[in-house]
1. Straight-line reach only, C-alpha to C-alpha below 18 angstrom: list the lysines that B:Lys468 could link to, leaving out same-chain residues fewer than 8 apart.
2. I need to check one value: relative contact order of chain B, counting alpha carbon pairs closer than 8 Å and at least 6 residues apart, in percent.
3. For segment A:7-119, what does the alpha-carbon gyration tensor say about shape, rounded, prolate or oblate, given a ≥ b ≥ c as the root eigenvalues, a/c under 1.5 as rounded, and a/b over b/c as prolate?
4. Cα centroids of segment B:485-510 and segment B:156-235: how far apart, whole angstrom?
5. If you build a Gaussian network model of chain A, linking Cα atoms that sit under 10 Å apart, which residue out of A:Thr13, A:Thr142, A:Thr84 swings the most?
6. What is the angle, in °, between the Cα long axis of helix A:220-238 and the longest principal axis of the Cα atoms in chain A? Nearest 10 is fine, range 0 to 90.
7. So how compact is segment B:14-81: Cα radius of gyration and Dmax in angstrom?
8. How about A:Lys180: which lysines have a C-alpha closer than 16 Å to its C-alpha, ignoring those fewer than 8 places off in the same chain?
Amino acid sequence: MSKVFFIDTTRCTGCRGCQVACKQWHDLPAEATQNRGTFENPPDLSFSTYKLVRMREMETNGKLKWLFFPEQCRHCIDPPCLETAGDEEAIYQDEKTGAVIFTANTKNLFADEIIESCPYNIPRKAADGTLAKCDMCNDRVTNGLLPACVQTCHTGSMNFGDREQMTALAEQRLAQVRKKQKNASLVDADSVNVIYLIAEAPFDYHEFVTASAGAHGVTRHMALRKMVRPFTRALRQLA
Amino acid sequence: MTNHWIDIKNSDCILIMGSNAAENHPISFKYVTEAMEKGATLINVDPRFTRTSSKADIYASLRSGSDIAFLGGMIKYILDNKRYSEEYVALYTNAPFIVGKKYGFKNGLFSGYEKMPEGPSLGKYDKSQWAFDMDKNGVPKMDRKLKHKRSVFQLLKKHYSRYDFKTVSMITGTPEADLKRIYDTYSATGERGKAGTIMYAMGWTQHTTGTQNIRTMAIIQLLLGNMGMAGGGVNALRGESNVQGSTDHCLLWHIWPGYLKTARASNTSLAAYNEKWTPVSKDPLSANWWQNYPKYSVSMLKSFFGEKANAANEFGYQWLPKVDDGAVYSWFDIFDAMYKEKMKGFFAWGMNPACSGANAGKNRTAMGKLDWMVNVNLFDNETGSFWKGPGMNPASIKTEVFMLPACVSVEKEGSITNSGRWMQWRYQGPKPLGNSRPDGDIILALGEKIKELYRDGGVFHEPIVNLKWDYETGGAYDPHKVAKEINGYFVKDVTIKGKNFKKGTLVPSFAFLQADGSTSSGNWLYCNSYTEKGNMAARRGQKDAVNNIGLYPEFAWCWPVNRRIIYNRASVDAKGVPWDRKDWVVYFKGEEKDGKYVSRKWLGDVPDGGWYPLQNPDGSWRDDAKHPFIMRKHGHAQIFGPGRADGPFPEHYEPLECPVEKNYLNPQMVNPTAAVYSSDADAHATCDPRFPYVGTTYRVSEHWQTGLMTRTQSWLMEMQPQVFVEMSEELARLKGIQNGERVNVSSARGQLECSAIVTKRFKPFKMGDLVVHQVGIPWHYGWRWPSTGKEESANLLTPAAGDPNTRIPETKAFMVNVTKL
Ligand code: SF4
Ligand code: SF4
Ligand code: SF4
């Protein structure tokens, strides 16, 4: 049975322990950043940043809110990135955990195409075209540990476990949060393995919180590409 | 903390004010979240909307430096609307005490005031004018009905009658509706069975009225009956993992270990010293715990000087330094003296005063006037390298600087004591890197060398040669030996309370310490932490106590005597029955016969003394009981606090530097006893058009202290790369400042460049017709890292002036200007 994250943003204090834990476990280099007039940094996910806490200020009816969204790959149940790649050597799904894993062979894919296919705008490429993103800490998980970000989260925002257990928790929290925050919802719970609980409209947190219909996923154009892929790949490898 | 971290989960209403717990004490939010899940309300009051505010049910802003006005208004609200717990107030606090006729309060001054033109204190009080009226037996006169005109309760009412909504709102800039909502919500915890807690930190202490900020809240907690309760108390969130421990073990100049007093020059003998500092109560119902003072002071001397200490030589009392009466030796005074070239040498041990101290520019100049300085730290820092810092000319600085590399906490064994007073033993992880050493090793070696140098005599060599200094094992510092020394030993075979103890065994608890030299204890408060049963702090038992409120009595150890919630006998009524039957702390379950208790038994936490409750089940009063606030001379918690330097009741005064021409509550602008220094580096500017905005300093989650351990860490620098100044959109518009651009921030003392964060989270304050802007800067930076040298310390701006009781600087409220580069 696949593993599922339940991320309760209503409990998140934006401490970013998870963001650092992710870098630490994967030994990812820090990016050279500047203060851009916000706490949020680095400015975006990147080849060396798999987890990023998005921070947004908003004011409704004179009430100020500061929203935090610890963004990461959703480990889609039917991952468009995997589908688009069509190359098990580059992108595969771990049967045991459901983790969608990018390997060094992603170098041989059309990076922009993969990025384009992701409804959550997650994968990022290196200068040489290799792609990277959150790997569910699959090495930890398959050895009985929690993902680094979950392990570090002290507020109970980050949770991890079997699907049944996590969806039950998500439903229970949703019911509880709705008592105070009417707009609370679970994001794309049926199609992903990383279920977010949000209290405001998705766009208030970040552009790519939900899979916006039509704009992404496996488009007709990509389906076409998929058919000719074996040839293009062969060509690229020759070159 | 009177309570502890886990206990926050038991609260019904959590007020976070004077701290930013979500960002600076992240783990606390585990328990805040748990409480909220069970229905608790979270209130946050802060000049700026923070990550803590983002999680609060109710948020309100207030102008920095107006907390006493805010809380004074709450006291008035509680009294006006009878939200107080009358039974608790009348029984356990000094509200019924009758204050003497000499007490008075007029024009913002309490009776007995005297100006001190020579400074650094602006003035002082003759506190004897605030004394209680005593009956013929020497017990304070009381009116338990709280009606007497001069009862503390009536005086309190009168004092805060001036703190009405309009005035408070005018001072704080908090809208009246927000004040009302918060007062109403918080004071609901005055109900029997409900508990409210306060989580505060440097946002309250770093003011010229710091101590009184906390006193005001303590009064509220007493009125609402929240002291001693699970989910209640007054909880200081310490800014460093071992601040509690270092304070307990006398980090500060005016106390010896265990909060014993530093000897004054006028305490000419041990007998005089003990007499001076041992309080006497004539009330048979007052435990007056400090009556044991001589047992603790003598045991401490025995621990310092071992066999060299005996009754004939006053246990070595004369070997300890005495401080001049009336003189103050705080951090301020040290740097002031250094600045005035009155000091030759300086150990900066685990500190970074070039960045951490208020008016850091003065500190940096001062260090250049030393002959030598030893910097003991993990890495070189702005202090060790001050001589090559910005604006310094190395050629003209004579100070010789030595660096002693210390290892990091995880590389050594020992204990820390957290905010909740839990002493936790830590094992050594990796071995120290390179030639770095544990602090204990460095101190031990230093002591040995000094002893060697004095072996053949020298000026006043006795204290040094007689100092017991046997803390090594196999040539290295042994933390177990020190921990045992702190706990204390029987130094001869003795029989105490019918029990025989062998010489050389560890004392089981401070109840067994003696004033005759038969026991030693480095710190009486820690006696019980390392006994013949083992190292209590190293325990990791996960079992909760019978009341199931998260006391975990077998996990680590807690002072005093493993009591997890202090003043816990105030959590029960006169008959020993908990006010809160669900989350009870202690419960009296002695046997009962004919309406009287006939045996003693308390369940739950270690009670504050195991005496009988004040009343029998039939309502008759017992004469063998003790009032619950055992550390107070009269056994009652102090709503009226006649021991404080600046008055028995907290009063609102403006910060030393403020944006308003007038104090709306009294004619005194500034705390009339504040400590204010006057060297040429101590410029101050109040209501000065050059510095029109309120400035404050704070921390962020991503950095720690002066950033020595975090500015060198690339993952943390990635998140918070540069020093910033946060300001409202309104102020940014006014100054034409764009979000993210670099700006200059200046005060009467210094300036630095910052990245502007223009945010909705700061809003201008409306104080009557006046609009006041406030900005805030984190103080984690310094020129040494990042390598650009451009990210400087916010303490270049802050004033070295502060609270008269503690000499903590007013770094939370001062005046600045912000300009485009
Ligand atoms: S560690 Fe938890 S609370 Fe902190 S930012 Fe991440 S999800 Fe939020
Ligand atoms: S979120 Fe994007 S990258 Fe992650 S599995 Fe889904 S499609 Fe692939
Ligand atoms: S699961 Fe692992 S890789 Fe993914 S965000 Fe968390 S720490 Fe990073």
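1. Leaving aside lysines fewer than 8 places away in the same chain, those within reach of B:Lys468 are B:Lys302, B:Lys308, B:Lys449, B:Lys451, B:Lys481, B:Lys484, B:Lys492, B:Lys503.
2. Details: 1874 pairs, mean separation 135.2, N = 821.
Once divided by the residue count of chain B, the mean separation gives 16 percent.
3. Numbers: a/c = 2.10, a/b = 1.76, b/c = 1.19.
Prolate, since a/c reaches 1.5 and a/b exceeds b/c.
4. Cα centroid of segment B:485-510 versus Cα centroid of segment B:156-235: 44 Å apart.
5. So, out of A:Thr13, A:Thr142, A:Thr84, the one fluctuating most is A:Thr142.
6. Result, in degrees: 50.
7. 12.8, 37
8. A:Lys63, A:Lys65, B:Lys38, B:Lys55
FYI, it's all coordinate maths here, none of it is from the lab. Keep in mind it's a predicted model, so treat the numbers as computed, not measured. Cβ: placed from backbone, ideal geometry, glycine included. Neighbour counts: every protein chain shown.
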